[in-house]
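Accompanying notes for the structure given below.
The values are calculated or read from the model by the stated rules, or taken from the named source; none is laboratory data. What you see is a predicted model, and the numbers here were worked out from it, not measured in a lab. Quick reminder, even Gly has a Cβ in these numbers, built from the backbone with ideal geometry, and neighbours come from all protein chains shown. The protein model used for the area step is the full one, side chains on, heavy atoms only, and it has no ligands, DNA or RNA in it. Shrake-Rupley method; radii C 1.70, N 1.55, O 1.52, S 1.80 Å.
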Amino acid sequence: MKKISLISLLILFIGAFSIISCNSDSLDDAATPKDVALGSGNSTASKVAAFGKNPLSVMYVEVNNNDIREVGQYKLADGRQLFDVAIIFAANINYNTSTQKAYLYFNTQVTNVLSNKNTYIKPLQDKGIKVMLSILGNHQGAGFANFPNQAAAQAFAQELADAVNTYGLDGIDFDDEYANYGANGTSQPNASSFVYLVTALRELLPDKIISFYNIGPSANNLSYNGVTVGSKVDYAWNPYYSTYSAPNIPGLDNAHKGAAAVNVNPSTSTYTNVATATSYAQRTKNDGYGVYLYYDLGATNIASYFSGPSNVLYGQSTVYGNTTVPDTGIVSGATYQLVSAANGTSVLDVLNAGTSDGTKVQLWASNGNTAQKWKITDVGGGYYKLQPLNAPAKSLDVSNSGTANGTQVQIYTDNNTNAQKWKITPIGNDYYTLSPAHALGFNLDVNNGSATNGTKIQIWTANTGNAQKWKLVKL
């Protein structure tokens, strides 16, 4: 065996000490830590597994006044849930003047929701909706921005983690409002507190969502000793309702931010009208932001309101409640003629029996041509596709998935998009309406209700006119 000299031993000892030192990720004031999120460095990737739609639709619910289960009542026309995240608003960060420590507090209404998780929380989660708990100041001097040291922040993070694990929640949301810093002899905000808090919580909840409502002193203290809040939280969003402004969070990219802030309660001063909400949806899509934020859902059915943004974000209208699919009496796979109530004899027809993508459909006198015969196939959820026999690889389609009155209906290669799925609803006297899945507020319509050969077939806002009534005659 080779002998090891004293110098060699000293070199080995120094090398081993260096390796141990480099593996440290302490946030002590005297240290300069590496900023390690779940992944590497200041990664902008989400700290949790991907979930939901793009962008996510997030709804805050004031549980003091409203039932959080209402979030689960809203679906897109294709059956997916409109909302990806429901946030219980809100628990509080309170201050114990005897122990001089912050602690987590639940009022009666929040306690009811959490204690009855099988009634209020699990039904939403069973629908694929993440349920989070928002934490808010309570005018007592305690806040996320004034923990006096790292240990105090870690202790509060442990309380939050215990609540998540006890009540089966999907994460924590921070809202640094109403803390009243300085009350009860508490200190003013400092630079390290919020970073300590989110770092500790991320270590305790590596697979849960952490979000930040970008407001208050915490929003001004987003980095400490080289560690950024953005490397620890999953999402951050704009807190100022009826405005569009993305937060500047070091360590987060646009895919993990929300610029739109929409208040759906019309009785409040910050209510966002549907035109503005729809405009924000388009900007969110154009700018590549990963969150679309709503606030203050109540018990009133406002599916028509949500349809504005949802048509832009997801190409789908919004529907409310547990709708029952009607028995249409249609035989899936059978061939039908669609006879218009405009005159009771003219039918849905492919222009000049064309077979190319984009060929228009029109109204024409019945003549037995295969361009007037449609194979109707059930595609699930109360929807059907219609394929002309003269071009069996094509389907009845709304041009460019349009949602404006007068959008042309055509045939296009079968592609299973919502612009080719039609909800067929019986309305009595053997007549039906046909509504495209991407725009359920519209119906298949004969332009101006005219029965003239060649009249344009379009979609139009649903009404009770004969131009939107069709008799399905099985051949």
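For region 334-474, state the average projected area of the convex hull of the C-alpha atoms over all orientations, rounded to one decimal in nm².
7.0
Rg and Dmax of region 51-94, Cα atoms, in Å?
12.1, 44
Which of the peptides 111-121, 429-439 is most tightly packed, and how do the rest follow, judged by the mean count of other Cβ atoms within 10 Å per residue?
Ranking, from highest mean packing down: 429-439, 111-121.
What distance in nm separates the simple spin-label points at Asn254 and Asp162, each placed 7 Å from Cα in the Cβ direction?
Once both label points are built, they end up 4.3 nm from each other.
Given H placed 1.01 Å from N in the peptide plane, which residues other than close sequence neighbours of Gln81 have an amide H under 5 Å from its amide H?
Leu76
Which FRET efficiency, nearest 0.05, do Asn367 and Tyr320 yield, Cβ-Cβ r, R0 45 Å?
0.60
Taking all protein chains as present, what is the carbon and sulfur share of the accessible area of region 56-320, in % to the nearest whole number, probe 1.4 Å?
44
Starting from 0.36 nm per residue, how many nanometres of slack lie between Thr97 and Asn352 once their C-alpha separation is accounted for?
Extra length available between Thr97 and Asn352 comes to 83.5 nm.
Sorted from largest down, what three extents in whole angstroms do the Cα atoms of region 56-320 have along their principal axes?
Here the spans come out as 52, 38, 35 Å, largest first.
Post the alpha-carbon centroid distance, region 169-246 to region 252-299, in whole angstrom.
20
Which length gain, in nm to one decimal place, applies between Ala393 and Asn220 when the Cα-Cα distance is subtracted from 0.36 nm times their residue separation?
Separation in residues times 0.36 nm, less the Cα-Cα distance, equals 56.5 nm.
Sort Leu204, Leu169 from largest to smallest accessible area, using a 1.4 Å probe on the heavy atoms of the protein chains.
Leu204, Leu169
Can you list, bin by bin at 20 Å, the percent of alpha carbon pairs in the chain, starting at 0?
22, 40, 24, 11, 2, 0
If DNA, RNA and ligands are ignored and the probe is 1.4 Å, what is the ranking of Tyr105, Tyr244 by accessible area, most exposed first?
From most accessible down to least: Tyr105, Tyr244.
Using per-residue counts of other Cβ atoms within 10 Å, averaged over each peptide, order 364-376, 414-426 from highest down.
Top of the packing list down: 414-426, 364-376.
Using the charge dipole of region 56-320 (Lys, Arg: +1 at Cβ; Asp, Glu: -1 at Cβ; taken about the Cα centre), state which of Ser115, Thr268, Phe83 has its Cα farthest towards the positive end.
Phe83
Considering only DSSP beta bridges whose two residues both sit in region 56-320, what percent are antiparallel, to the nearest 5?
The antiparallel fraction comes to roughly 25 percent.
If each residue of separation counts as 0.36 nm, what is the full-extension length gain between Ser269 and Thr119 once their alpha-carbon separation is subtracted?
Result: 50.8 nm gained on full extension.
Take every DSSP beta bridge whose two residues both sit in the chain, then give the antiparallel share in percent to the nearest 5.
60
Scan around Gln408 for amide H atoms under 5 Å from its own, H built in the peptide plane at 1.01 Å from N, and keep only partners 5 or more places away or cross-chain.
Placed amide hydrogens put Ser399 under 5 Å from Gln408.
Given an 8 Å cut-off on Cα distances and at least 6 residues of separation, report the relative contact order of the chain as a percent.
Normalised by residue count, the contact order of the chain is 12 percent.
Write down the accessible area per residue of the chain in Å², having rolled a 1.4 Å probe over the full set of protein chains.
The answer is 43 Å² per residue.
Quick one: which of 180-187, 134-141 comes out on top by average Cβ neighbours within 10 Å, and what's the full order, highest first?
Packing order, densest peptide first, comes out as 134-141, 180-187.
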